[in-house]
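Below is one structure; the comments refer to it alone.
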Amino acid sequence: MTKLLKTLMLAIGAIIVLSVAATIAISILVDAEKIKAEVKTVVKQQTGGDLDIAGAMSWSIYPEISLSLADVSYTNSGGNKPLARLNALQLSVELMPLFGGNVNVSGINLDGMTLNLEVAKDGTQNWEQNRQAATTAANSQPPSTTQTSTLPTNETGGRDLSVAIETISITNATVNYSDLVSGTTASLSKVSFNSSKANVAGDAFPMMLGFSLEATNPNASVIVDMTADALVNAADKTVQLENLVFNKQVKLDAANGNMKIAAKIAGKLMANGISEVITISGLTVTADVNGDATNGKTLPISFSGDISGDNKAGKYELSNYTLNALDLTISGSIKATEIGGEMSASGPIAISEFNLKKLLTALGQTPPATTNKSALTKVSLSADLNYQGTSAMLQQLNIGLDQSNIKGFAGLTNIEQQFIVADLTIDTINIDDYMPPTAVEPVATVPAAAGDKPSAPAAKTTTSKVVTETQLPLDDLKTVNALVKLAINELVINGLDASNFNVNTRANLGLIDLKNLSVDLYSGNIKTTGVLDARPAAATLNAKLNISGVEMKPILSAVSEVDWLNGKTNLTADITTKGNTVEAWQRSLNGTANFAMTNLLAEGISIDKQLCQGIALINGKSLSNQWSENTQLDNLNGNIRFVNGTMQNDSLTGGSSTLKLKGNGWLSPEKNKMNYKLGVLVAGDQISQDPACAVNERYRDISWPLECKGQLDAEPKDLCGIDESEMKDIVKDLASEELKRKANSKLDDYLKDKNLEGVGDLLKGLFN
């Protein structure tokens, strides 16, 4: 674009100089057609292109030199349409000042100028073809014998020539741009430029520029109206625009919807033609934005800052900028190099604290409902931006999120592939604050009027219950290409207090490799690794889980209806599942696990009491002592097979100083049910001090039958109890054994003593 601007400025300058020279020559030479031919030849030699002057050419000498041209066009070498066309040119120069080395131009008027700029499919630029052709033509010409100018020069080598232009007028100009590579087109129409008392001596003169822009890919519509006071200094080749004001209306039609912008721009511009340094100081922009992104609401925006550019060095800077939009304030500085090429940019950026919910509301968006109403009301950011052509990173990142502070870095290491990298540390966060609030449906009741009779029961109707399953965000995962490390010092999630949360994962367009997840939780630690493949029609998960020394009650309370079981737990598991919903994962769960619990406490379930009730029944007595409603075991161990969502426990062992248990069963989270058969052995001399529960040798090797079954959300006391059917069989066996033992004993005495009186005592004390 810089080369293009240079080319256009040189072209306009050449037209003016050529016009002056042509005017002087034409005033001497009468043959206009001969002059046209000579001019065409010179242009051909110098540029390689073809100049055509189809219209009339007229001139005068006195009292001023004037030149008029009509219907002028220029076609570059090999072009099929004119690069530039001009309907009319009028130039007037005062005659007498020329003898004093001054050029006083009465007026320059250009009407109907059209430029056609095109980038071909092979990337060739038609305005560059002229330069290449001119170079070739120049190299083919014989060495010039033209004498060096003897006009007086100043100390820097420049001619002491004063140029002043009373009026400059450009009307109805058009610039058409077409890029066949990118598909971008743009058209500048209704281009107008006006100036008075223009000079190159550094004196201020007013100027005005206006145009309309229509573009596609992206679609845009812009109207520009600019005014300024210009200062041009030929000696040091500088241009300065003071009191610069833009009144601009912009309409954008991008992929994300329409947008209209009404803006005003002001500032001071300084351009140095020698050093090619451009500065805009005191730049201010105020605008009203309205469109789909703002939901039809008008968004006021203001911007201020300083811009500087060193075109030779390829260095540019936006310094001390501030952007305000609603309650959002963004500030910082950016240094950039090679804009339009292998661009790089860096600088600090800061977003002052703002209320995200309020901002979304102002934009016409519905803010997310959160359990904590204060969530998302205090957000801030600071970072160092680093852009290197293919990557964009936020380093030294510091995000304030309500009561949390997030530090680290994040960004894109490959912009084209949208590869995200992040390494973040959060000091403390309560995830529950950001979850949707639990919905409570009110129950409407209508009080009966006095004297109303109870209405008859309504007829039963059959309605189908629609079960909605919880969808997993698998489609979103298919678009993620990322490497993420996250550490959280203190964490609350689903009511659970955790610490030292660390996760390291790689996401590759639906293939999620969980390299490590570790968290300290209730005196223990949980670690897991796994691979989630979201690419198939039914997503698959393979995971390994390790739980070490974790108190289970708070976890079970948070994830299930079981709030009566506690103990330190060690568990290793290797599981697989598939599906696209949480419920499908639950139904498809398969794998194995081993667990060991210590200091087990089952609240509301007393195995001791249940066992003693069975023994007391056999002893023919009733329990008299007060019993704890809880069960304590020193340990509980087992293995688990996950079979299509059901936990099969084939081997369950445990015990305490007085009891030993062994059994098996199953548990189904989906059905919310369990069914366990347990055998309990008496390990000591007694279970309790209750005499009704006295344990004698006859009960030492008996496996007393207990069963635990029912709904997991039932009262614990209703879940476990004596298996009555098996207990009856044990009683029968005990009675039979005791009868035989005592009968044999009495029979021996009878035979020895031949005394029949002992027969009546055979059944006495059968269960004593």
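The values are calculated or read from the model by the stated rules, or taken from the named source; none is laboratory data. None of the values given here were measured: they were computed from a predicted structure. Cβ atoms come from the backbone with ideal geometry, glycine included; neighbour counts cover every protein chain shown.
Data overview
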read-out	value
Subset of region 634-677 that is touching a residue at least 60 places away in the same chain (Cβ under 8 Å) and in a strand (DSSP E or B) - its residue that is nearest to the chain's Cα centre (by Cα)	PHE642
Residue match in region 223-231 (condition: more than 18 Å from THR185 (Cα to Cα), small (Gly, Ala, Ser) and assigned to a strand (DSSP E or B))	yes
PRO300 exposed (fewer than 14 other Cβ atoms within 10 Å of the Cβ), within 27 Å of the chain's Cα centre (by Cα), touching a residue at least 24 places away in the same chain (Cβ under 8 Å) and not in a strand (DSSP E or B)	no
Residue identified as in contact (Cβ under 8 Å) with a residue 24 or more places away in the chain and part of a helix (DSSP H, G or I) among GLN90, GLN46	GLN46
Residue that is modelled with the lowest pLDDT [pool: residues in region 523-536 that are closer than 25 Å to ASN570 by Cα and touching a Lys or Arg at 6+ places or on another chain (Cβ under 8 Å)]	SER523
Any pair with Cβ under 8 angstrom, 6 or more apart, that starts in region 207-218 at a residue that is in a loop (DSSP other than H, G, I, E, B) and ends at one that is exposed (fewer than 13 other Cβ atoms within 10 Å of the Cβ) and among the polar types (S, T, N, Q)	ASN217/SER182
Hits in region 100-114 - residues which are surrounded by fewer than 21 Cβ atoms within 10 Å (Cβ to Cβ) and not hydroxyl-bearing (Ser, Thr, Tyr)	GLY100, GLY101, ASN102, VAL103, ASN104, GLY107, ASN109, ASP111, GLY112
Count - residues of region 603-634 that are surrounded by fewer than 15 Cβ atoms within 10 Å (Cβ to Cβ) and over 20 Å from LEU712 (Cα atoms)	7
The listed residue being within 30 Å of ILE420 (Cβ to Cβ) and either at pLDDT 90 or above or assigned to a loop (DSSP other than H, G, I, E, B) (or both), out of LYS485, LYS460	LYS485
Condition check for ASP52: in contact with a Gly (Cβ under 6 Å, 6 or more places away or on another chain) and part of a strand (DSSP E or B)	no
Conditions (1) touching a Ser or Thr at 6+ places or on another chain (Cβ under 9 Å); (2) among the basic types (Lys, Arg); (3) part of a loop (DSSP other than H, G, I, E, B): number failed by LYS515	(3)
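Residue-by-condition table, conditions (1) assigned to a strand (DSSP E or B); (2) β-branched (Val, Ile, Thr); (3) more than 27 Å from ASP713 (Cβ to Cβ):
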| residue | (1), (2), (3) |
| --- | --- |
| LEU532 | yes, no, yes |
| ALA538 | no, no, yes |
| LEU545 | yes, no, no |
| SER548 | yes, no, yes |
| LEU556 | no, no, no |
| VAL562 | no, yes, no |
| THR569 | yes, yes, no |
| ALA573 | yes, no, no |
